[in-house]
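The values are calculated or read from the model by the stated rules, or taken from the named source; none is laboratory data. Model, not experiment: these values are computed from the prediction. Ideal geometry is used to build each Cβ from the backbone, glycine not excepted, and the neighbour counts take in all protein chains shown.
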Amino acid sequence: MADKPTDLTQLGREAPLPASPEEARLDRVPNPQADTAYVARFTCPEFTALCPVTGQPDFAHLVIDYVARDWLLESKSLKLYLGAFRNHGAFHEDCTVSIGKRIVDEIAPAWLRIGGYWYPRGGIPIDVFWQWGELPKGVWLPDQDVPAYRGRG
């Protein structure tokens, strides 16, 4: 068995929810399949943040896809980072894009996309999509499969 990473700050130990996204730490682990291009997906169907104007809660379904290089994003640290947004005021676009950029800064993937499927506020749903890099040739990329908001259908 390979050596365990020693710089993990949250996995395997008690870790409180960070007070803000800026205070949150994203941990990474070495990619044991760094010679293979593949997509890893995180889905967060219950993401929450606050409207920066009204302070009311905003809800989203986030889907994060990435093709790793040397590093994988450690999932517990991602869960805590995303949870730190629940008391953070930012517009839908800012939340979605800043999450994608922060992950890129931390793990330097070959490619990343994030879809933020936001539930309606004021009667209008806002979906936000951001991509970084070029998808490597030959990588299978499934659809995000989040249906467009249909209201009462």
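Give region 13-72 a look and list any residue that's more than 25 Å from ALA110 (Cα to Cα), touching a residue at least 24 places away in the same chain (Cβ under 8 Å) and of a type in the set (D, E, K, R), or say none.
GLU23, ASP58
State whether one or more residues within region 65-82 are in contact with a Phe, Trp or Tyr (Cβ under 9 Å, 6 or more places away or on another chain), assigned to a loop (DSSP other than H, G, I, E, B) and either over 22 Å from LEU17 (Cβ atoms) or of a type outside the set (A, V, I, L, M, F, W, C) (or both).
Checked region 65-82: at least one residue is in contact with a Phe, Trp or Tyr (Cβ under 9 Å, 6 or more places away or on another chain), assigned to a loop (DSSP other than H, G, I, E, B) and either over 22 Å from LEU17 (Cβ atoms) or of a type outside the set (A, V, I, L, M, F, W, C) (or both).
Whether any residue in region 110-119 is in contact with a strand residue (DSSP E or B) (Cβ under 8 Å, 6 or more places away or on another chain), farther than 16 Å from GLN56 by Cα and outside any strand (DSSP E or B) is what I want to check.
Initial filter on region 110-119 (in contact with a strand residue (DSSP E or B) (Cβ under 8 Å, 6 or more places away or on another chain)): 110-119.
Adding the requirement that they be farther than 16 Å from GLN56 by Cα leaves 110-117.
Next cut, outside any strand (DSSP E or B) only: 110.
Yes: one or more hits.
Of the residues that make up region 106-114, is at least one among the aliphatic types (A, V, I, L, M), surrounded by fewer than 15 Cβ atoms within 10 Å (Cβ to Cβ), in contact with a Phe, Trp or Tyr (Cβ under 9 Å, 6 or more places away or on another chain) and over 20 Å from THR36 (Cβ atoms)?
Taking every residue of region 106-114 in turn, none turns out to be among the aliphatic types (A, V, I, L, M), surrounded by fewer than 15 Cβ atoms within 10 Å (Cβ to Cβ), in contact with a Phe, Trp or Tyr (Cβ under 9 Å, 6 or more places away or on another chain) and over 20 Å from THR36 (Cβ atoms).
So, in region 114-141, exactly how many residues are closer than 11 Å to ASP65 by Cα and either of a type in the set (Ser, Thr, Tyr) or in contact with a helix residue (DSSP H, G or I) (Cβ under 7 Å, 6 or more places away or on another chain) (or both)? Even if it seems obvious, please write down each step before you answer.
From region 114-141, those closer than 11 Å to ASP65 by Cα are 114-115, 130-132, 135, 141; that's our starting set.
Narrowing further to those that are either of a type in the set (Ser, Thr, Tyr) or in contact with a helix residue (DSSP H, G or I) (Cβ under 7 Å, 6 or more places away or on another chain) (or both): 114, 130, 132.
Qualifying residue count, region 114-141: 3.
Mind listing whichever residues of region 121-151 are free of Cβ contacts under 8 Å to residues at least 60 places away in the same chain, more than 20 Å from the chain's Cα centre (by Cα) and in a loop (DSSP other than H, G, I, E, B)?
Those that are free of Cβ contacts under 8 Å to residues at least 60 places away in the same chain, more than 20 Å from the chain's Cα centre (by Cα) and in a loop (DSSP other than H, G, I, E, B): GLY122, GLY123, LYS137, TYR149, ARG150, GLY151.
When the residues of region 31-58 are narrowed to those that are aliphatic (A, V, I, L, M) and part of a strand (DSSP E or B), which ends up surrounded by the most Cβ atoms within 10 Å (Cβ to Cβ)?
Among them, the one singled out is ALA49.
What pairs come up if the first residue lies in region 82-95 and is within 15 Å of ASP127 (Cα to Cα), the second is in a loop (DSSP other than H, G, I, E, B) and at pLDDT below 95, and their beta carbons are under 7 Å apart, counting only those six or more places apart or on different chains?
Listed by first residue and then by second, the contacts come to HIS92/ILE126.
Inspect region 61-77 for any residue being over 14 Å from GLN131 (Cα atoms), at pLDDT below 95 and surrounded by fewer than 20 Cβ atoms within 10 Å (Cβ to Cβ) and give the result as yes or no.
no
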